[in-house]
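Here the structure is laid out as structure tokens; the discussion comes afterwards.
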Amino acid sequence: MLVSVGLACCSLAPQMSLPAAAQPVTIAHAQGETVLEGVPGRVIVADWAAFDNLEALGVPVAGVPATATPAYLASKVPADTPRIGSLQEPDVEAIAAAEPDLVIVAARSRQSFPTLSQIAPTIDTTVDNADIVAGVTANIRRYGEIFQREARAAELIAALDAKLAEAREAAAGRGTGLVVVVNGGRLGVYGPGSRVAWIYDALNVPSVIDDVDDRDHGGDAISFEYLLEKNPDWLFVVDRDAGIGNEGSARATLDNELVHQTTFWTKNQIVYLDPAAAYVTMHGYTGLMLMLDQVIAGYRSAS
């Protein structure tokens, strides 16, 4: 009788809903697909652009690269955050010891994907420079899905779209442009399809060159005579030395008699892009927004 009463009580009790079990999510990325068993808790990034994007979304990380920390991100990295090797060579043993739920590689660290994917779920968020804006947007959206921050991701993308429209408006009808990289006192150029292709492609700034072999970190080598011959209306400068933590040399390198004869010099139409954002984290949300602000300020100051 007692048993039957107990069963009756149980049958009349309100149904308690149990927490929903984490559902596996399949994430497509540059080197295939990776299945994640729920929202990752411990995340290690082997790429500064990945850190940039996660920081913008408010996602904490448990490990970052030990080299080339961008100045604009340095204050965002807690002092006690473990360092897990260089950008090109992540410390596999340190990453394994950290027992991460997710490892993110990209760009310089992408070759470590096969090894790291044997240790923990790993994704490659490398962006195709042919369409940097689309790549950054896709990564923000991908991270939003992974960490269940879709609303925040949508806010970031909307802000990026608005900033791009503002920059396009500022650049409209303002003439040609050229992106140069200064590396140890030498000049190189970046063209459409390069790590700063968004200046040409997303802002519709006409380039004064078309055929560029800028696969080298110093771009396609040019002379000061070549720069004067092409004579763009606007010059956008990437200081590689400063970008990798050395003393910058761009301003001193450009301050010479030949450059003084160019249109961009005489009209003070030079935009010095944030070195780390332009060279190290060109696929990072905050870095891209920072450079867009610099481009907008440059155009407006010369109006």
*Taking H placed 1.01 Å from N in the peptide plane, check which residues at least 5 places from Ile27 or on another chain put their amide H under 5 Å from its amide H.*
Thr34, Val35, Leu36
*Using DSSP, restrict attention to beta bridges with both residues in the chain and report what percent are antiparallel, rounded to the nearest 5.*
45
_Cα centre as origin, Lys/Arg/Asp/Glu Cβ charges: the stretch 182-296 dipole, Debye_ = 220
*Reachable lysines from Lys267, criterion Cα separation under 19 angstrom, eight or more residues apart if same chain*: Lys230
*Between the stretch 224-252 and the stretch 274-289, how many Å separate their Cα centres?*
17
*Once both labels are modelled 7 Å past Cα along the beta-carbon direction, what's the Ala134-Asp293 spacing in nm?*
2.8
*Karplus-derived HN-Hα couplings along the stretch 247-264 (A = 6.51, B = -1.76, C = 1.60, θ = phi - 60°), whole Hz, x at Gly and Pro*: 5, x, 10, 4, 4, 5, 5, 7, 7, 8, 4, 5, 5, 4, 8, 7, 5, 5
_Theoretical gain in end-to-end length, Glu145 to Glu166 [0.36 nm per residue, Cα-Cα removed]_ = 4.8 nm
*The list [x] 47, 21, 15; [y] 28, 24, 18; [z] 39, 19, 17 gives values of semi-axes √(5λ) of the Cα gyration tensor in Å, and only one came from this structure; which label was calculated from it?*
[x]
*Report, largest value first, the span of the C-alpha coordinates of the stretch 34-109 along each principal axis, in whole Å.*
34, 26, 25
*Would you mind computing, in nm to one decimal, how far apart the modelled labels at Asp80 and Asn268 are, each placed 7 Å from Cα along Cα→Cβ?*
4.8
_Hz values of 3J(HN,Hα) by residue in the stretch 26-35 - Karplus curve (6.51, -1.76, 1.60), Gly and Pro given as x_ = 9, 10, 7, 8, 5, 10, x, 9, 10, 8
*Which value in deg cm²/dmol, rounded to the nearest 500, describes the helix-derived mean residue ellipticity at 222 nm for the chain, given -39,500 (n - 2.57) per DSSP H run of n ≥ 4 and division by the residue count?*
-11000 deg cm²/dmol
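Given Cα pairs under 8 Å that are at least 6 residues apart, what percent is the relative contact order of the chain? Walk me through the intermediate numbers first.
On the way: 545 pairs, mean separation 50.2, N = 303.
Worked out over the chain, it gives 17 percent.
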*Take every Cα-Cα pair in the stretch 103-226 and report what % of them are more than 26 Å apart.*
38
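Going through the DSSP H helices of the chain, which span 18 Å or more along their own axis at the Cα atoms while scoring at least -0.5 as a mean Kyte-Doolittle hydropathy?
Working: long enough: 132-146 (21 Å, 0.45); 150-171 (31 Å, 0.16); 285-301 (24 Å, 0.55).
Sorted by number, the helices that extend far enough and score high enough are 132-146, 150-171, 285-301.
Throughout, read-outs are computed from the coordinates displayed, never taken from laboratory work. Keep in mind that this is a model prediction, so the values were computed, not measured. Cβ: placed from backbone, ideal geometry, glycine included. Neighbour counts: every protein chain shown.
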